[in-house]
Amino acid sequence: MRMSARTQLEQTAWQIRLGIIRAISSNHGGHIGGSLDLAELMAVVYSDFMRVKTEEPRWADRDFMIVSKGHAGPALYATLALKGFFSSDRLENLNKTNNLLPGHCDRNKVPGVDATTGSLGQGLSLACGAALSAKITGRDQRVFCVTGDGESAEGQIWEAAQFAAHYKLDNLIAFLDWNKMQIDGTNDEVMALGDPVAKYQAFGWDACKVNGADVLEIQEAVLRAVETADGKPAMIVLDTVKGQGARCIMEMANNHCIGFPDSLREQVMAELREQGRVLGMEVED
Ligand SMILES: Cc1ncc(C[n+]2csc(CCOP(=O)(O)OP(=O)(O)O)c2C)c(N)n1
Ligand SMILES: [Mg+2]
């Protein structure tokens, strides 16, 4: 397996952020914080690990990506467009009535999306089902699943955690976007999560924590998870900052789902242009 170098992955994460901004600006608003902070993860997983065919999105032996925190649709869509599942022009249809790009991840409408999500708490169970099915049918298939820390207040998450350990789903590689924020405030204010690594380990998972803004730390953890067949599911906790990659968004008191006027778009784009300059990338206007 050939792994991408840091700069390549950082360029990809930057391109994903551009796509997220394109989608959210077209809708004049959206779930920006919890989308931006997945850019590094999506860059790593889709560059180095996902075995998919863009011309055959439902190829039976593909790896699955289930974004259980379905409000981060823009992050998945921007990644799928970059990968070539559809034209990047489609990103300008976020939440429009033409249904080309529903705000939350939608399997029935968008090529490359493996599960319809948005009702929090359910995606990890879907991922367990997919991973168990692959085991039963003897397919070499990995199932990736992205959960949220606010989402982890849903009891179904912990039923799924128990299930995955019981059925020895070591083909399941889950992530927890540990941005310490949810819709109405911090986790500690709304529903404290405690130490997610210790929790998942107690449930019988291989769990670790990485810097969710560091592409190589993520890459190393995913590589270890895909290469370890010890009968345990893997949980990689991503230590992130909600909105990471755009300081003006990160510094907002609440960036969960915001209006996105042109003035804010200009601020974000100025930051992305500067980052692009450092990475040797240009924004096409
Ligand atoms: C079952 C359910 N309850 C409530 C909501 C409303 N809701 C949407 S996003 C969100 C907060 C999620 O927080 P978190 O998982 O931490 O997401 P992130 O911080 O990554 O955006 C809530 C409560 C929902 N989508 N589904
Ligand atoms: Mg959160």
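The values are calculated or read from the model by the stated rules, or taken from the named source; none is laboratory data. Quick caveat, the model's predicted, so the values are computed rather than measured. Don't worry about glycine lacking a Cβ; one is built from the backbone with ideal geometry, like all the others, and counts go over all protein chains shown. The accessibility values were calculated without ligands, DNA or RNA, using every heavy atom of the protein model including side chains. Shrake-Rupley method; radii C 1.70, N 1.55, O 1.52, S 1.80 Å.
Data overview
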| item | result |
| --- | --- |
| Order by protection proxy (mean Cβ within 10 Å, highest first), peptides 70-78, 176-184, 252-260, 158-166 | 70-78, 176-184, 158-166, 252-260 |
| Burial order of peptide ranges 82-89, 17-24 (average beta-carbon count within 10 Å, highest first) | 17-24, 82-89 |
| Inter-label distance for Ile183 and Arg51, nm, one decimal - labels placed 7 Å from Cα along Cα-to-Cβ | 3.8 |
| Beta bridges per DSSP with both ends in the stretch 156-285, % antiparallel, nearest 5 | 10 |
| Tilt relative to the chain, helix 123-137 - C-alpha long axis, 0 to 90 degrees, to 10 | 50 |
| Loop GluC sites (Glu not before Pro), the stretch 1-69, which have at most 15 other Cβ atoms in a 10 Å radius of their Cβ (DSSP) | Glu55 |
| Distance between the stretch 163-228 and the stretch 102-126 - C-alpha centres, whole angstrom | 19 |
| Accessible surface, per residue, of the chain when the full set of protein chains is kept, probe 1.4 Å, Å² | 42 |
| Electrostatic dipole magnitude of the chain [Cβ: Lys, Arg +1; Asp, Glu -1; Cα centre; debye, to 20] | 700 |
| Solution diffusion estimate, µm²/s, Stokes-Einstein, the chain, Kirkwood Rh from C-alpha pairs, 20 °C, viscosity 1.002 mPa s | 115 |
| Portion, in percent, of the accessible area of the chain that falls on carbon or sulfur, probe 1.4 Å | 49 |
| Rounded to 10°, Cα long-axis angle of helix 6-26 versus longest principal axis of the chain | 60 |
| Pairs from Lys83/Lys109; Lys53/Lys209; Lys96/Lys209; Lys53/Lys242 whose Cα-Cα separation, in the structure shown, is over 26 Å | Lys53/Lys209; Lys96/Lys209; Lys53/Lys242 |
| Overall form of the stretch 139-285 per C-alpha gyration tensor (a/c, 1.5; a/b vs b/c) | oblate |
| Antiparallel DSSP beta bridges within the chain, as percent of all bridges there, nearest 5 | 10 |
| Mean separation of Cα contacts under 8 Å, 6 or more apart, over the residue count of the chain: relative contact order % | 22 |
| Acute angle (nearest 10 degrees) that the helix 155-166 long axis makes with the longest principal axis of the chain, alpha-carbon atoms | 50 |
